[in-house]
Amino acid sequence: MSVQLPTAHHARPSSTPPAQGSAGDAHGGLPDPCSVAPALVHRAAAESVLVTGGVSDGPNSYLITAMLPRDQHLYDSADFGWADPMLAAEAFRQAGYYIQHRFHGVPETHKFVLSELTLRLAGTAAPSRRSWLPIDLRIVCTPTAKATSRRLCLRLDVEFIVDGVVRGHGSLLSQAVDARIYHAIRARAATDASSGPPPPVGHPLAPEAVGRRRGQDVLLAAGADPGSWLLRLDPGNAELLDHSVDHVPGMALLEAFRQAALVASAPVAGHRPALTGLSAQFAKFCEFDTPIRITAAVAPGCPVDRRSVRIAAEQDGDEVATGTMELRLVPDATGREH
């Protein structure tokens, strides 16, 4: 059931004019939106920032505005009506960090540790030639531990609102910690962040097999056993690795989970799987210095047009992250083979 809600104003600050020759100039004349400072959402490149602003509209309640690109090489909204769920998840992640920096006084030097993320999208939006889709995220924050100047632990619950209608829900568990606590949480010596990820391992799967357009966006290499793959990260992938980190980013793991689910789902002829929801739990940090094995298995008893795929990431014999990807089979009008 759709719920009609008022939308927030997606203002573009007049002090920051859109860049000349922007993507919007080539897609219907809409200029690229102005966004918040990249540091507030832990991105390095301004063009990767989705959040455009936000206000507090009640105790621990916030209305955040964002603009989602309609056509982006890693996140493709063709199957989803209004947004690729992974792009919505990234907007949610950015909104959560923005709220904690701006409204809770978390210093920009703090590190964020993501523990859990869930997302479910529904409904469609009317086709549009706009290159950017304005959305609102109504977020409620609930403390999960006593806040101190060194640590803030929150659960965030979100409604995704498009044109005044709730189109999805999600939740996120994270903590923002200072450098001393972060080093203690890491538990083991982290890979030297200055060196970044190692060169990609193994032979990558074909981009069309994992629903991608570019080879550098393929995060899976062939594994030794059926239903398993090795995680591979291209150091030049600026969307997933746009700043120095000492571990595999959570969003990169989520995209690898999505790709594994697509391969494992075995769609019927004339159809291809599209992600509609996800849940993921991050038990440990995924390090750069040893191989990460991704496994996927379709749950039994799924409806003929649905797939529920259980995913796990294993490193050094330990299960470091798990999740479930929910897929819907949609007519394949692209002519791609599977």
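The values are calculated or read from the model by the stated rules, or taken from the named source; none is laboratory data. Remember, it's a predicted structure, so these values are computed and weren't measured experimentally. Positions of Cβ are generated from backbone atoms using ideal geometry, with glycine treated the same way; all protein chains shown enter the neighbour counts.
List of remarks:
- Gly236 of a type in the set (Gly, Ala, Ser), within 18 Å of Val218 (Cα to Cα) and in a loop (DSSP other than H, G, I, E, B): yes
- Identity of the residue in region 63-88, part of a loop (DSSP other than H, G, I, E, B) and either closer than 16 Å to Leu254 by Cβ or among the aliphatic types (A, V, I, L, M) (or both), that ends up modelled with the highest pLDDT: Asp84
- Looking only at residues of region 228-264 that are at pLDDT 90 or above and of a type in the set (Gly, Ala, Ser), we find that the one that is farthest from Arg328 (Cα to Cα) is Gly250.
- Single residue of Arg307, Arg258 found to be assigned by TED's automatic domain parsing to the domain that holds Pro200, assigned to a helix (DSSP H, G or I) and under 27 Å from Glu159 (Cβ atoms): Arg258
- Residues of region 147-178 satisfying the condition of being among the small types (Gly, Ala, Ser), outside any strand (DSSP E or B) and over 15 Å from Thr109 (Cα atoms): Ala147, Gly164
- Subset of region 38-54 [among the hydrophobic types (A, V, I, L, M, F, W, C) and touching a Phe, Trp or Tyr at 6+ places or on another chain (Cβ under 7 Å)]: Leu40, Val41, Val51
- There is at least one residue in region 231-238 that is under 22 Å from Thr118 (Cα atoms) and in contact with a helix residue (DSSP H, G or I) (Cβ under 9 Å, 6 or more places away or on another chain).
- Test: residue in region 325-337 that is buried (at least 17 other Cβ atoms within 10 Å of the Cβ), in the same structural domain as Leu219 (by TED's automatic domain parsing), in contact with a Leu (Cβ under 9 Å, 6 or more places away or on another chain) and more than 17 Å from Asp84 (Cβ to Cβ): no
- Search result, residues across region 271-317 that are out of contact with any Phe, Trp or Tyr (no Cβ under 8 Å at 6 or more places or on another chain), closer than 19 Å to Leu220 by Cβ and of a type in the set (Lys, Arg): Arg272, Arg307, Arg310
- Qualifying position, being within 18 Å of the chain's Cα centre (by Cα) and more than 23 Å from Arg186 (Cα to Cα), among Val263, Val218: Val218
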